[in-house]
Amino acid sequence: MKRLAKDTAIYGLSSIIGKFLNWCLVPLYTYVLESSADYGIVTNLYAWTALLLVILTYGMETGFFRFANKNRDDAPKVYGTTMISVGFTSLLFATICVIFSQPIANGMGYPKYPEFIAMLAIVVSMDAFDAIPFAYLRYKNRPIKFAALKLFMIFTNIFFNIFFLVICPWLQKKAPGLISWFYNPHYGVGYIFVANLISTAAVTLALLPDMLEAKFRLDTALLKKMLQYSLPLLMLGIAGIIDQTIDKIIFPFLFEDKAYAAAQLGIYGACFKISMVMMMFTQAFRYAYEPFIFAQYKDKNSTAAYADAMKYFIIFSLLIFLGMVFYLDIFKFIIRSDYWAGLRVVPIVLFSYLFQGVFFNLSLWYKLTDKTMYGAWISIVGSLITIAINIIFVPVFSYMASAWASFACYFVMMLISYFLGQKYMPIKYDLKTIGLYTIVTLALYGISLLIATPYLWLNLLLKTILFVLFLALLIKRDFPLQSIPVINRYLKKS
C-alpha cells in the first residue's frame, strides 16, 4: 500500500500539476477568445480527439502489461511488437486525415478550418504511439521519468499557448515587424491547436531513447494473442470514452440554433474543468494501480491488498469531493463570471468521476481472469444509457442532462461490475467502512447547502469546520497520524 501510494503520488504529479496549469489556461481562453462559442469549438474537437486516442491505442497498453508480466524475459519483444502495431495504425490514420481534411471538416461543421482537423489528427496519432513507451516506463517502475516527460509536454504546450495568445498580440501592437512573417492576428483559436502540435512533437522526440530499448521485430503469433486480449478492451475503451465525451461530441447536433449550442457547450466545457480534480486523482491512481494488480496477482494476500486499495481510493475521493464543493466559491474564479451558470454540474460530475474510479478498481476481476469481454459489455450498457439520456433530455435541459447522464451511466456500470466480480473473483471489500464515509460525506454536503450567509468568509469558515470534521473521522478511524512517516518520526522524538 505504501508503494502504491508513493507511485500514485509521483504519477499524479504530472497529471495534477498539468491539469492545474491547464485550468489556468481556461480563464485565458475565456478572455482571449471572442465568445464562449469559440471555446465550444475547442471543447468539441478535443472530445473527438479523446475518442480517437482510445481507438488508436485499441487496448494495447493493458495488453502490453499483461503479456510483459507473463514472462518478463520476453518484455522487450512484447514492447517492440506493440510499438510496431500501434505505430503503423497511427501513421495510417494521420495520413488519411491529412489527405481528406477538407471533407472531414465539412462533415463536422467546420468547413473553414480543415487545418484544425489535420493538426489534431497528427497530434492524436503521435499521442497514441507515445502511449506505448509511456506504458513501458510504468512497467519498468520509472515514475519520475514518466512524470518529467509528461510535465515537459505540458509546460511546452502552455508556453506556446501564452506565446501565441498573449505575447504575439502584444508584439503585434508594439513591434509587428518581429512576428509578421509567421503570426496571423485573426487565426485566434487555431493557435491552441498549433501549440498542442508543437508540444506533442517535442515529447515524441524526447521519448526516442526509450523507444530504442525495444526489439523491433514483429512477432505475428504474439500480436495475434495480444489483439485477442486487447480488442475487447477497445470496446471497453470506446464505450468508456463515449461515456465521458459523447455529450460534447453530439451536443452541437441536438439544437437547431448552432450558435446557442456552441455557447452552451462552451459554458459546460469551462465548468467541467473545475471538476477535473477528481479525474486527476483517478488517472493518477490508474497509472500506479494497473501495473500493481498484475504484479500482485500471484501473491496469496492479493485480494486483501485489492480491498484495501478500493477502500482508500473511495475515502480520498470523498475527501476531494468535499474539498471541491465546500470551496466552490473560490474555485469558480478560474472561469469568467458569465460561465458561472454552469457551476451546478460540478457536484454531479465529481460523483460521476468517483463512480468511474470505483468501476476501474472493480475491473481487475475481468482483466486478471481474461474475461475482458465482460468489461466491454458493461461499458456498452453504460454508453447506451449515456446516449439515450443525452438525446432525449439535452434538447430540454441542456448540459444538466449531460451531467446526470454521466452520473447514471457510471453508477449502473459500477453496480453491474461489482456483482459480476463477486461471482467470478470474490473480493471481500470493506463495505461497512465505505458506506459510513459515503453517508457522512452526503450528510456534510447537505449541511453545507444550508450555509448561505451574506458573508463569503463566514460561509468558508463554517464549511471548513465541516471539512475538519471529516478529516477528524478519517484520522481517528482509518488513517492515524503515526502512519505518516514524517509525523511518526516527530511523535517518536516527542
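Can you figure out the FRET efficiency of LYS140 with THR433, using R₀ = 35 Å and their beta-carbon distance, to the nearest 0.05?
Values: r = 34 Å, r/R0 = 0.98.
The computed FRET efficiency comes out at 0.55.
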*Violating pairs (Cα-Cα greater than 25 angstrom) within the set LYS140/LYS367; LYS273/LYS463; LYS145/LYS224; LYS150/LYS332; LYS428/LYS476; LYS428/LYS463*: LYS145/LYS224; LYS150/LYS332; LYS428/LYS463
*In whole Hz, with x marking every Gly and Pro, tabulate ³J(HN,Hα) for the stretch 59-66 from phi via Karplus 6.51 cos²θ - 1.76 cosθ + 1.60, θ = phi - 60°.*
x, 6, 4, 5, x, 4, 4, 4
*Based on the mean of other beta carbon atoms within 10 Å per residue, what is the order of 212-218, 358-364, 442-448, most packed first?*
358-364, 442-448, 212-218
*Of the peptides 317-323, 183-189, how do they stack up when ordered by the mean number of other Cβ atoms within 10 Å, highest first?*
317-323, 183-189
*For the stretch 33-44, what does the Karplus curve 6.51 cos²θ - 1.76 cosθ + 1.60, with θ = phi - 60°, yield as ³J(HN,Hα) per residue in whole Hz, taken in order and with x for Gly and Pro?*
5, 5, 8, 5, 5, 5, 5, x, 4, 4, 4, 5
*Hey, rough spin-label estimate for LYS173 and THR464, points 7 angstrom out along Cα→Cβ, what's it come to in nanometres?*
3.8 nm
*Which order do the peptides 304-313, 87-96 take when ranked by the mean count of other beta-carbon atoms within 10 Å per residue, highest first?*
304-313, 87-96
*Label 7 Å along Cα→Cβ of ALA388; the stretch 402-422 residues with amide nitrogen under 12 Å?*
409
*Label-point separation (nm) for HIS186 and PHE397, each offset 7 Å from Cα along Cα-to-Cβ?*
4.3 nm
*Kirkwood estimate for the chain, i.e. one over the average of 1/r between Cα atoms, Å*: 24.1 Å
*Mind checking the full-extension length gain between SER337 and LYS112? Use 0.36 nm per residue of separation minus the Cα-Cα distance, one decimal, nm.*
78.0 nm
*Using a Förster distance of 35 angstrom, determine the FRET efficiency expected from the C-beta separation of PHE100 and GLN422, and round it to 0.05.*
0.15
*How do ASP247, ASP430, ASP210 rank when sorted from fewest to most other Cβ atoms within 10 Å of their own Cβ?*
ASP430, ASP210, ASP247
*Using θ = phi - 60° and Karplus 6.51 cos²θ - 1.76 cosθ + 1.60, couplings along the stretch 197-204 (whole Hz; Gly, Pro as x)*: 4, 5, 5, 5, 4, 5, 6, 4
*So if R0 is 30 Å, what FRET efficiency would LEU218 and PHE253 give, r being the distance between their Cβ atoms, rounded to the nearest 0.05?*
0.15
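Note down the relative contact order for the chain as a percent, whole number, built from C-alpha pairs under 8 angstrom at least six residues apart.
Numbers: 581 pairs, mean separation 107.5, N = 494.
Relative contact order here is 22 percent.
The numbers here are math on the coordinates, done by the rules we state, and not lab data. Please read all numbers here as calculations on a predicted model, not as lab measurements. All Cβ positions, glycine included, derive from the backbone under ideal geometry; neighbour counts span all protein chains shown.
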